Amino acid sequence: RPHQDGHALCCHTRGDVGILQFPLHRALTPETRLSWDWLVEQLPSALPEHIPPTHDYLSIAVEFDNGLDLTWMWSCALSVDTIFQCPLPWWDQRETHWVVRSGTQQLGQWLSERRSVLADYERAIGGTPPGNIVAVWLIANTAFQRGEGLCFYRGITISDTAGTVSVQR
């Protein structure tokens with residue numbers, strides 16, 4: 001749902017899961033950057049999210065034309081720069097998680113992120129890189145512990161030498 005000021009998206013999950021997908025077609029180059037601002041009010045897990053019973057999280061992800069996706073998440077307990085395969089069957093063959101924020105000290109604050117998508121792909125996934133980004137996802141999951149998560153996003157963009165595309169509508 002839109003944020004109260006109309007300039008941000010609200011992802012609020014309570015005992016369920018949702019993925020908002022923003023389709024696009026953008027070449028993946030060394031200059032490709034994903035940028036966003038987020039304000040996390042409440043993390044959906046108080047336990048590390050890297051195992052199935054506690055895999056409740058809030059994140060932003062990029063889907064590639066090879067069927068894989070890379071998701072940048074805020075963890076309650078896993079260290080920043082922890083990278084792990086999704087612990088869920090089927091998703092473990094498709095999705096890689098990267099912790100970009102950890103802990104509760106910055107909850108309730110707008111924070112800006114900027115990621116080099118190709119460099120992150122090479123470090124987290126490896127192998128032959130895909131040619132294109134095909135979607136950006138917002139993921140909100142509380143299906144396992146049945147808790148609650150609340151996060152706002154704004155200013156989501158993909159940029160490179162060809163220009164900047166606003167992902168958020």
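The values are calculated or read from the model by the stated rules, or taken from the named source; none is laboratory data. As the structure is a prediction and not an experimental result, all values here were calculated from the model. Cβ: placed from backbone, ideal geometry, glycine included. Neighbour counts: every protein chain shown. The accessibility values were calculated without ligands, DNA or RNA, using every heavy atom of the protein model including side chains. Shrake-Rupley method; radii C 1.70, N 1.55, O 1.52, S 1.80 Å.
The table below gives the values:
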{"item": "Hits in the stretch 121-160 (condition: surrounded by 17 or more Cβ atoms within 10 Å (Cβ to Cβ), under 13 Å from P44 (Cβ atoms) and among the hydrophobic types (A, V, I, L, M, F, W, C))", "result": "I139, A140, F144, L150, C151"}
{"item": "Checklist (1) surrounded by fewer than 17 Cβ atoms within 10 Å (Cβ to Cβ); (2) more than 20 Å from Y121 (Cβ to Cβ); (3) of a type in the set (D, E) applied to E49, failing item", "result": "(1)"}
{"item": "Verdict on T164 being within 27 Å of C10 (Cβ to Cβ), in a strand (DSSP E or B), open to solvent by 30 Å² or more (accessible area, probe 1.4 Å) and among the hydroxyl-bearing types (S, T, Y)", "result": "yes"}
{"item": "Subset of the stretch 143-155 that is of a type in the set (D, E, K, R) and in a strand (DSSP E or B) - its residue that is farthest from T71 (Cα to Cα)", "result": "E148"}
{"item": "Cβ pairs under 6 Å, 6+ apart, first in the stretch 106-124 and without any contact (Cβ under 8 Å) to a residue 60 or more places away in the chain and aliphatic (A, V, I, L, M), second surrounded by 13 or more Cβ atoms within 10 Å (Cβ to Cβ) and not in a loop (DSSP other than H, G, I, E, B)", "result": "A124/L70; A124/I83; A124/T96; A124/W98"}
{"item": "Residue within the stretch 52-67 that is more than 24 Å from L107 (Cα to Cα), small (G, A, S) and surrounded by fewer than 20 Cβ atoms within 10 Å (Cβ to Cβ) present", "result": "yes"}
